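Notes to accompany the following structure.
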Amino acid sequence: MEKVILTGDRPTGRLHIGHYVGSLRRRVELQNSGEFDKIFIMIADAQALTDNFANPEKVRQNIIEVALDYLSVGIDPEKSNIFVQSAVPELTELSFYYMNLVSVQRLQRNPTVKTELEMRKFEGGTPTGFFCYPISQAADITLFKATTVPVGEDQKPMLELTNEIVRRFNHIYGGDVLIEPQILLPDNAACLRLPGTDGKAKMSKSLGNCIYLSDTAKELKKKVNSMFTDPQHLQIEDPGHLEGNTVFTYLDAFCTDDDFAQFLPDYKNLDEMKAHYTRGGLGDGTCKKFLYNVLNTRFEPIRERRAYWEQRIPEVYDILKKGTQVARERGIRTLEEVKKAMQINYFDDKELIAQQAEKYKG
Ligand code: ATP
Ligand code: MG
């Protein structure tokens with residue numbers, strides 16, 4: 001079977017280090033592994049409009065920001081198709097048919113949507129489009145017949161729903177038109193849902209608690225220095241706590257033994273550093289300086305690649321246009337199969353036409 005990746009991001013802001021560990025880093029590895037036949041990376045503008053419908057300018061401005069972030073982390077347009085969701089209308093059509101296969105009650109149980117609704121506090125009620133976005137996500141994944149979806153943990157309920165829709169569709173309309181995708185979560189626990197610099201909720205564009213991939217070294221230092229650590233760790237000699245300590249969560253997500261050799265040779269690895277912190281005697285300042293160095297080495301080359309592409313904006317739009325064409329061709333093919341399975345391909349159905357003609361023959 002063809003191995004296909006589908007994944008994407010909402011153009012609601014620049015991408016942050018939560019996106020990086022939750023999905024982007026994996027995507028680039030998978031892209032370069034050569035194991036996949038096709039890779040589709042979607043800029044989900046239509047989905048972003050479900051909660052930003054009154055602010056289309058925000059979405060419009062951020063399409064290029066997300067595209068620049070993709071290119072800067074190493075998504076290679078020769079190997080991966082980057083495309084814009086709203087320019088593939090087959091996605092909307094497929095979502096409309098999927099709506100019949102999902103109950104309102106089933107949608108109401110989605111824990112990610114529940115949390116997002118609490119956070120967003122829509123005045124005047126939940127927009128129907130937002131409420132249904134998990135269905136449109138199922139369309140995004142299945143239109144491309146994706147087999148692998150590398151995403152963060154918040155996407156788990158969406159993948160479960162997608163698989164339910166696929167099973168239901170194939171059961172009702174017969175055959176095996178649609179394919180059940182596999183979710184690919186980060187293998188490091190700290191990366192499943194990276195917390196924000198405030199240490200509270202997950203790092204999220206909508207919450208203003210982000211370190212962006214495009215932050216300058218100066219901005220990065222400032223953000224790391226103001227990060228949440230252990231409020232009980234007042235003196236250096238006090239024993240420190242690791243649980244809920246965002247500096248250590250980020251170190252879990254990013255640092256390697258090589259970083260210790262380069263920046264903090266007092267310890268061989270993170271376990272040794274953690275042991276010292278827990279027993280007391282290791283100050284937050286040292287930890288933050290180390291974290292800054294680790295993050296800065298990771299993101300320096302990314303910032304440099306971004307600067308290169310920032311000078312080639314028309315070329316970037318061209319990459320999106322080409323990627324969208326390829327995505328659309330695949331989408332059109334799947335939708336034809338879907339409509340045939342649903343028996344709504346009336347004009348191509350010679351048997352139907354003959355049958356109807358027969359019915360009215362003298
Ligand atoms: P918004 O606030 O607009 O929803 P977001 O920051 O949640 O933005 P999305 O575009 O919704 O970002 O998510 C894109 C991808 O990044 C998804 O695969 C999601 O699971 C992953 N992701 C987002 N935030 C994190 C995080 N803090 N940790 C790990 N993965 C994340
Ligand atoms: Mg989100």
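The values are calculated or read from the model by the stated rules, or taken from the named source; none is laboratory data. Note that this is a predicted model, so its numbers are computed, not measured. Cβ coordinates were reconstructed from backbone atoms using ideal geometry, including for glycine residues, and neighbour counts include every protein chain displayed.
Consider the range 171-194 and keep the residues that are surrounded by 20 or more Cβ atoms within 10 Å (Cβ to Cβ) and not hydrophobic (A, V, I, L, M, F, W, C). The one that is modelled with the lowest pLDDT is 186. With respect to the conditions (1) at pLDDT below 95; (2) in contact with a Pro (Cβ under 8 Å, 6 or more places away or on another chain), residue 123 lacks only one, and its number is (2). The residue that is surrounded by the fewest Cβ atoms within 10 Å (Cβ to Cβ), among those in the range 95-105 that are closer than 14 Å to residue 138 by Cα and either within 16 Å of ligand 1 (Cβ to nearest atom) or of a type outside the set (S, T, N, Q) (or both), is 96.
A quick yes/no check of all residues on (1) over 23 Å from residue 116 (Cβ atoms); (2) within 16 Å of ligand 2 (Cβ to nearest atom):
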{"residue": "199", "(1), (2)": "no, no"}
{"residue": "210", "(1), (2)": "no, yes"}
{"residue": "239", "(1), (2)": "yes, no"}
{"residue": "245", "(1), (2)": "yes, no"}
{"residue": "259", "(1), (2)": "yes, no"}
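Could you please let me know if residue 288 is more than 24 Å from the chain's Cα centre (by Cα) and surrounded by 12 or more Cβ atoms within 10 Å (Cβ to Cβ)? The answer is yes for residue 288. Would you be able to say whether some residue in the range 83-92 is closer than 16 Å to residue 319 by Cα, surrounded by 14 or more Cβ atoms within 10 Å (Cβ to Cβ) and within 13 Å of ligand 1 (Cβ to nearest atom)? Yes. Within the option set 260, 254, being touching a residue at least 12 places away in the same chain (Cβ under 8 Å), under 20 Å from residue 198 (Cβ atoms) and not basic (Lys, Arg) holds for one residue only, 254. Do the conditions hold for residue 319, that is, is it in contact with a helix residue (DSSP H, G or I) (Cβ under 6 Å, 6 or more places away or on another chain) and crowded, with 16+ Cβ neighbours inside 10 Å? Judged against the criteria, residue 319 is not a match.
If we scan the range 251-262, do we find a residue that is surrounded by fewer than 21 Cβ atoms within 10 Å (Cβ to Cβ) and over 32 Å from the mean Cα position of the chain (by Cα)? Yes, there is a match, as at least one residue in the range 251-262 is surrounded by fewer than 21 Cβ atoms within 10 Å (Cβ to Cβ) and over 32 Å from the mean Cα position of the chain (by Cα). Residues of the range 1-44 that are of a type in the set (Gly, Ala, Ser) and assigned to a loop (DSSP other than H, G, I, E, B): 13, 34, 44. Name the one entry in 59, 66, 28 that is under 18 Å from residue 302 (Cα atoms), within 11 Å of ligand 1 (Cβ to nearest atom) and hydrophobic (A, V, I, L, M, F, W, C). Just one listed residue meets the conditions, 66.
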